[in-house]
Amino acid sequence: MIKLPKIIGHRGACGYAPENTIESIRTAAELGAKWVELDVKLTKDLVPVIFHDDTLERTTNGSGNMADITYEDLRQLETGSWYADSFIGINVPTLEEVCEVLIEMNLGLNLEIKPCPGREIETAEVALDHLSRIWDDHDKLLISSFSHVSLEAAAEIANDWKRGLLLYGEGPDEWQPNWKELCDYLDCATVHLNHEMATREIIEEISDYDKPSLVYTVNDPQMARVLQSWGVDTLFTDIPDVIEENLLTVH
Ligand code: G3P
Ligand code: MG
């Protein structure tokens, strides 16, 4: 079974620095995180970049769709000023750039494949192709996606790399009754769900199926302790230092 940390920095440490940037990764490491979660998608010309939204407005000074901008044009934009003046001028990083930093800092990576609509297969293909040339330590790599098509493509390209089934629901009522079939079909090693959907029963169901559970995005220390007491293996958080300080010592 994959050995996971108790805490993964969400989009780096996006409570303290602009999400999905090298600054955010370095901050996560400085705050004690051993792994980070990052989102990958493709520019128009198929460069894998670390970015969350399908559109550029929220986190850059540009506009339009990520799928419609070339890497060269994306590089003219910046992704720091929306967050704070102290970050003005920083770029959207490529997958390769962040991997260099992660390897240098000995950090683990949960790479979330976040395809723009219609690019589910090629995003997995291109990201894994790049990763295969850079990343050697597969004990420190977990590929996840909400897209079953992307997970299927990832399984075809690199079946021996660990994959996580990423689930979302507004509440426990939206928990997928067929999650075990999905997990088996996509050959996933881990199950990731949002905290709004998590209950003790669901967490125990996952653990009884011998899968680690990873819950996102937990920024409330009290909630972190409750989830931990239910047996959650890993928490994604924007503030890794605060959550780390508040973890239960045994569970
Ligand atoms: O991978 C966990 C979490 O990052 C999924 O949601 O929207 O933050 O990418 P989102
Ligand atoms: Mg994500």
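Among the residues of region 205-222, those identified as more than 18 Å from ILE2 (Cα to Cα) and either open to solvent by 40 Å² or more (accessible area, probe 1.4 Å) or assigned to a helix (DSSP H, G or I) (or both) are GLU205, ASN219, ASP220, PRO221, GLN222.
If you check THR55, THR43, THR27 for being touching a Ser or Thr at 6+ places or on another chain (Cβ under 7 Å) and either of a type outside the set (A, V, I, L, M) or away from ligand 1 (no atom under 16 Å from the Cβ) (or both), only one passes: THR43.
Report whether or not LEU227 is surrounded by 13 or more Cβ atoms within 10 Å (Cβ to Cβ) and not in a helix (DSSP H, G or I).
It is false that LEU227 is surrounded by 13 or more Cβ atoms within 10 Å (Cβ to Cβ) and not in a helix (DSSP H, G or I).
Taken together, the criteria place ASP233 among residues that are touching a Pro at 6+ places or on another chain (Cβ under 7 Å) and buried (at least 17 other Cβ atoms within 10 Å of the Cβ).
If you filter region 189-203 down to residues that are away from ligand 2 (no atom under 16 Å from the Cβ) and in a loop (DSSP other than H, G, I, E, B), you find that the one that is nearest to the chain's Cα centre (by Cα) is ALA189.
With respect to PRO177, determine if the residue is over 28 Å from LEU107 (Cβ atoms) and either surrounded by fewer than 20 Cβ atoms within 10 Å (Cβ to Cβ) or modelled with pLDDT of 95 or more (or both).
Values: over 28 Å from LEU107 (Cβ atoms): yes; either surrounded by fewer than 20 Cβ atoms within 10 Å (Cβ to Cβ) or modelled with pLDDT of 95 or more (or both): yes.
Yes.
Can you find a residue that is within 15 Å of the chain's Cα centre (by Cα) and surrounded by fewer than 24 Cβ atoms within 10 Å (Cβ to Cβ) anywhere in region 71-92? Walk me through it before giving the result.
To start, the set of residues in region 71-92 that are within 15 Å of the chain's Cα centre (by Cα) comprises none.
Taking every residue of region 71-92 in turn, none turns out to be within 15 Å of the chain's Cα centre (by Cα) and surrounded by fewer than 24 Cβ atoms within 10 Å (Cβ to Cβ).
Residues that are closer than 22 Å to ASP241 by Cα and charged (D, E, K, R) were ranked within region 197-227; the one that is farthest from ligand 1 (Cβ to nearest atom) is ARG225.
Looking at region 117-124, is at least one residue crowded, with 17+ Cβ neighbours inside 10 Å and hydroxyl-bearing (Ser, Thr, Tyr)? Within region 117-124 (the criterion being crowded, with 17+ Cβ neighbours inside 10 Å and hydroxyl-bearing (Ser, Thr, Tyr)), the answer is yes, since at least one residue qualifies.
The values are calculated or read from the model by the stated rules, or taken from the named source; none is laboratory data. Note that the structure is a prediction, hence the values are computed from the model and not measured. Ideal geometry is used to build each Cβ from the backbone, glycine not excepted, and the neighbour counts take in all protein chains shown. We work out accessible area using only protein heavy atoms, side chains counted, and drop any ligands, DNA or RNA first. Shrake-Rupley method; radii C 1.70, N 1.55, O 1.52, S 1.80 Å.
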